[in-house]
Amino acid sequence: MWTEQRETGLAKAGRASPPLNLLLRHLPFEELERLSPLLQKVPLTPRRVFQHAGLPIEHVTFIEEGLISVLAKADESNAVEVGLIGRDGAVGSIVVLGADTAAFSHFVQIGGSALRIGVEDLSRALPALPRLREALHFFIHLSLIQSAQVAACSLSHSFEQRLASWLLMAHDHCDMAHLPITQDLLARSLGVRRPTVSDAFKQLAQRGVFAKERSRVRILDPAGLERIACRCYRVMCRQRDAVKRSKMGRTTLIALTLVLALFEIELAVQ
């Protein structure tokens with residue numbers, strides 16, 4: 001029930017489609033109606049940094065189409081991926097816990113579009129949007145679980161397994177069977193050399209689970225890809241489903257989120 005306005009905001013319209021972002025899509029109509037004038041549709045340009053680490057967070061951006069890589073700096077010239085954000089999440093959501101500066105960089109892996117709201121506008125509106133606050137806490141919780149699992153995965157499993165898991169996660173996050181990704185970007189994101197990605201692609205293609213096309217990967221057999229993937233993919237899926245089914249109150253969820261955040265920071269500084 002949303003259409004794009006020419007400059008800013010979204011307007012309610014009887015025959016228009018609801019937001020594609022799942023956090024927004026599952027909000028009560030009353031909250032969506034209140035949020036509508038504050039949202040602005042913006043493009044996601046592929047292969048661009050969307051949010052730099054260390055800079056103030058000015059917007060919370062709800063992804064509708066596309067895929068964002070969350071990058072942690074490894075040294076002065078390299079960064080590695082610690083998470084993915086698709087249409088099930090939002091960039092900058094950590095502001096609801098009081099943060100005002102981005103800890104990680106966010107890079108547009110797959111282009112698309114998003115809906116954003118200014119941090120000040122969100123802060124003013126949030127007391128009247130309890131379900132949105134709950135949805136953002138839920139997403140932060142899952143993101144921190146994902147980051148911890150990615151760290152464990154990178155230390156424990158073969159690159160072929162990690163690549164299969166990454167492709168499945170990317171597919172889940174943006175709901176696309178055709179992924180417009182390049183081997184160069186994957187190599188940088190996953191912290192390996194390009195020939196390593198190329199070799200793994202050849203092995204996976206030979207098994208018939210996906211086809212490599214021009215700057216694009218087409219997943220042919222998700223079930224077969226899951227059999228190749230390491231158990232981390234299944235662990236993350238189970239964790240996601242468990243959190244969705246959970247009846248935890250908001251206070252418990254915030255406490256768990258903060259504990260996970262402290263754990264992640266401890267890992268980062270070691």
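The values are calculated or read from the model by the stated rules, or taken from the named source; none is laboratory data. Predicted, not measured: the structure shown is a model, and the values here were computed from it. A quick note on method: Cβ atoms are made from the backbone with ideal geometry, for glycine too, and the neighbour counts reach across all protein chains shown.
Restricting to the stretch 128-181, and then to whatever is modelled with pLDDT of 85 or more and of a type in the set (Ser, Thr, Tyr), can you tell me which residue is farthest from the chain's Cα centre (by Cα)? So, considering only residues that are modelled with pLDDT of 85 or more and of a type in the set (Ser, Thr, Tyr), the one farthest from the chain's Cα centre (by Cα) is Ser158.
So for the stretch 195-205 (the condition being of a type in the set (A, V, I, L, M, F, W, C), without any contact (Cβ under 8 Å) to a residue 12 or more places away in the chain and touching a helix residue (DSSP H, G or I) at 6+ places or on another chain (Cβ under 6 Å)), does at least one residue qualify?
Within the stretch 195-205, the subset of a type in the set (A, V, I, L, M, F, W, C) is 197, 200-201, 204-205.
Checking which are without any contact (Cβ under 8 Å) to a residue 12 or more places away in the chain leaves us with 205.
Subsequent filtering for residues that are touching a helix residue (DSSP H, G or I) at 6+ places or on another chain (Cβ under 6 Å) retains none.
The answer is no, given that none of the residues of the stretch 195-205 is of a type in the set (A, V, I, L, M, F, W, C), without any contact (Cβ under 8 Å) to a residue 12 or more places away in the chain and touching a helix residue (DSSP H, G or I) at 6+ places or on another chain (Cβ under 6 Å).
Looking only at residues of the stretch 44-90 that are under 21 Å from Leu24 (Cα atoms) and more than 15 Å from the chain's Cα centre (by Cα), we find that the one that is surrounded by the most Cβ atoms within 10 Å (Cβ to Cβ) is His59.
Taking the condition over 19 Å from Phe107 (Cβ atoms), of a type outside the set (Val, Ile, Thr) and surrounded by 14 or more Cβ atoms within 10 Å (Cβ to Cβ), does Gln146 pass? Walk me through how you get there before you give the answer.
Working: over 19 Å from Phe107 (Cβ atoms): no; of a type outside the set (Val, Ile, Thr): yes; surrounded by 14 or more Cβ atoms within 10 Å (Cβ to Cβ): yes.
So Gln146 fails the test.
For the structure I just gave you, tell me whether Arg194 is surrounded by 13 or more Cβ atoms within 10 Å (Cβ to Cβ), over 20 Å from the mean Cα position of the chain (by Cα), among the basic types (Lys, Arg) and under 21 Å from Arg48 (Cα atoms). Taking the combined requirement at face value, the residue satisfies it.
Might you check whether a residue that is touching a strand residue (DSSP E or B) at 6+ places or on another chain (Cβ under 9 Å) and in a helix (DSSP H, G or I) occurs anywhere in the stretch 103-118? Checked the stretch 103-118: no residue is touching a strand residue (DSSP E or B) at 6+ places or on another chain (Cβ under 9 Å) and in a helix (DSSP H, G or I). Filtered by the rule that a residue be assigned to a strand (DSSP E or B) and among the β-branched types (Val, Ile, Thr), the stretch 40-70 gives Val42, Val49, Val60, Thr61, Ile63, Ile68, Val70.
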